[in-house]
Amino acid sequence: MTRVSRPTDHIAVVDAPDRSRFEVLVDGEIAGFAEYHRRPGLIAFVHTSIDPRFEGRGLASELVRTALSQARSDGLSVLPFCPFVRGYIARHPDDVELVPTDLRAQFDLAADV
């Protein structure tokens with residue numbers, strides 16, 4: 001069973017470009033991050049980590065959902081080198097379109113979505 005965030009938690013996901021990562025904050029404390037390398041028109045996610053004290057609350061999914069939404073808004077293609085990001089995209093077919101068609105097979109994603 002997955003625990004969810006407590007109703008009293010204030011959760012925010014922010015882009016920290018000076019650290020090349022999106023961060024998920026719980027009550028102002030960094031609970032985790034998704035590291036990326038950004039180039040014109042492209043963002044490559046390379047590593048996602050959640051502090052063990054915050055695991056089981058769905059924060060990694062919230063983090064990745066927000067990061068992918070921002071990538072979509074910015075018109076960026078996504079390269080999901082991070083296994084968690086790749087798995088998230090595989091489970092959310094609407095996000096597969098963010099990965100360039102000719103590279104989807106490299107990430108074990110359906111090329112025809």
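Under 8 Å for C-alpha pairs, at least 6 residues apart: give me the relative contact order for region 13-54, rounded to a whole percent. All intermediate terms of the calculation are to be shown ahead of the outcome.
Working: 66 pairs, mean separation 11.6, N = 42.
Relative contact order, region 13-54: 28 percent.
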**Q.** Cut-off 13 Å between beta-carbons: net charge of the residues surrounding ALA44, Lys and Arg +1, Asp and Glu -1
**A.** +3
Q. If the chain between ARG72 and VAL46 were fully stretched, how many nm would it gain, using 0.36 nm times the residue separation less the Cα-Cα distance?
A. 7.6 nm
Q | Gyration tensor verdict on region 71-113 (Cα atoms; rounded if a/c is under 1.5, prolate if a/b is larger than b/c, oblate otherwise) | A | rounded
Q: On the protein heavy atoms, probe 1.4 angstrom, tell me the percent of accessible surface of region 1-109 carried by carbon and sulfur.
A: 52 percent
Q.
I'd like the antiparallel share, as a percent to the nearest 5, of DSSP beta bridges with both residues in region 33-113.
A. 65 percent
Q: Report relative contact order for the chain in percent, whole number only (criteria: Cα-Cα under 8 Å, sequence separation at least 6).
A: 20 percent
Q: Select from LEU59, LEU103, LEU79 the residue whose mean-square fluctuation is largest in a Gaussian network model of the chain (Cα-Cα springs shorter than 10 Å).
A: LEU103
Q) Which of the listed residues, SER69, LEU25, VAL14, is farthest toward the dipole's positive end in the chain, when Lys, Arg count +1 and Asp, Glu count -1 at the beta-carbon? A) LEU25
Q: Please give the calculated 222 nm ellipticity per residue for the chain, where each DSSP H segment of at least 4 residues contributes -39500 (n - 2.57) and the sum is spread over every residue; nearest 500 deg cm²/dmol?
A: -7000 deg cm²/dmol
Q: Report the charge-dipole magnitude of the chain in Debye, nearest 20, computed about the Cα centre from +1 at each Lys and Arg Cβ and -1 at each Asp and Glu Cβ.
A: 140 debye
Q.
Full-extension gain between ARG19 and ALA105, please, as 0.36 nm times their residue separation minus the C-alpha to C-alpha distance.
A. 28.0 nm
(Q) If I model a spin label as a point 7 Å beyond the Cα along the Cα-Cβ vector, how far apart are those points for GLU97 and ARG38 in nm? (A) 2.2 nm
Q) If you build a Gaussian network model of the chain, linking Cα atoms that sit under 10 Å apart, which residue out of ARG72, ARG53, ARG21 swings the most? A) ARG53
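The values are calculated or read from the model by the stated rules, or taken from the named source; none is laboratory data. Because the structure is a prediction, the values reported are computed rather than measured. When we count neighbours, we look across all protein chains shown, and the Cβ atoms used for this are built from the backbone with ideal geometry, even at glycine. The area values use the complete protein model at the heavy-atom level, side chains included, leaving out ligands, DNA and RNA. Shrake-Rupley method; radii C 1.70, N 1.55, O 1.52, S 1.80 Å.
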